[in-house]
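J.: What follows is a single structure, and I will ask about it in a moment.
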Amino acid sequence: MPRRQSIPRKVKYETVPANRTTERIVAKLMVDGKRHLAERLLRQALARAEAQAKRPGLEVLEAALRNATPIIEVKPRRVGGATYQVPVEIRGDRRMSLGVRWLVQSARKRNGKSMSEKLAAEFVDAMNGLGAAVKRREDTKW
């Protein structure tokens with residue numbers, strides 16, 4: 001039993017700043033409950049994106065998410081016997097989850113060596129208004 005209340009520990013690595021967007025991206029990246037691996041992938045991807053874009057990594061992430069999140073979506077409405085596609089504005093939390101989902105899915109489909117490289121490339125492309133996630137956003141605009 002140690003005499004001290006807590007044992008000072010050294011942090012082996014720098015963590016990703018915990019905010020709502022990074023937590024959602026980590027949760028979407030995570031496979032089979034491997035959160036540490038997902039956090040490491042995001043940290044490496046932000047470092048690569050920072051080097052490519054010459055801007056802070058979280059700023060690149062915010063800009064990419066802003067360009068990839070949809071504003072409106074179409075929902076089927078049944079009037080009489082006909083079904084119409086009606087544009088509806090999306091709530092904020094659904095908008096964020098769709099943007100994160102599209103960024104991670106399009107990064108997984110990219111060609112590249114590692115997931116961190118693919119994720120960084122998708123972040124930079126989405127920041128510049130290119131990439132599959134931004135294209136998907138444009139396609140959903142009725």
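What follows draws every value from the coordinates through simple rules; no lab data is involved. The structure presented is a predicted model; accordingly, all values stated were derived computationally and were not measured. Cβ atoms come from the backbone with ideal geometry, glycine included; neighbour counts cover every protein chain shown.
J.: Given the -39500 (n - 2.57) contribution per DSSP H run of 4+ residues, what per-residue ellipticity at 222 nm results for the chain, rounded to the nearest 500 deg cm²/dmol?
T.: -18000 deg cm²/dmol
J.: Take the chain, compute every pairwise Cα distance, and split them into 10 Å bins from 0; I just need the percent in each bin.
T.: 11, 36, 26, 14, 8, 3, 1, 0
J.: Suppose we flag trypsin sites (Lys or Arg not before Pro) only when DSSP calls them loop and at most 11 other Cβ atoms lie within 10 Å. Which is the longest uninterrupted stretch of the chain?
T.: The answer is 13-53.
J.: Summarise the long-distance tail of P(r) for the stretch 61-142 by giving the % of C-alpha pairs beyond 21 Å.
T.: 34
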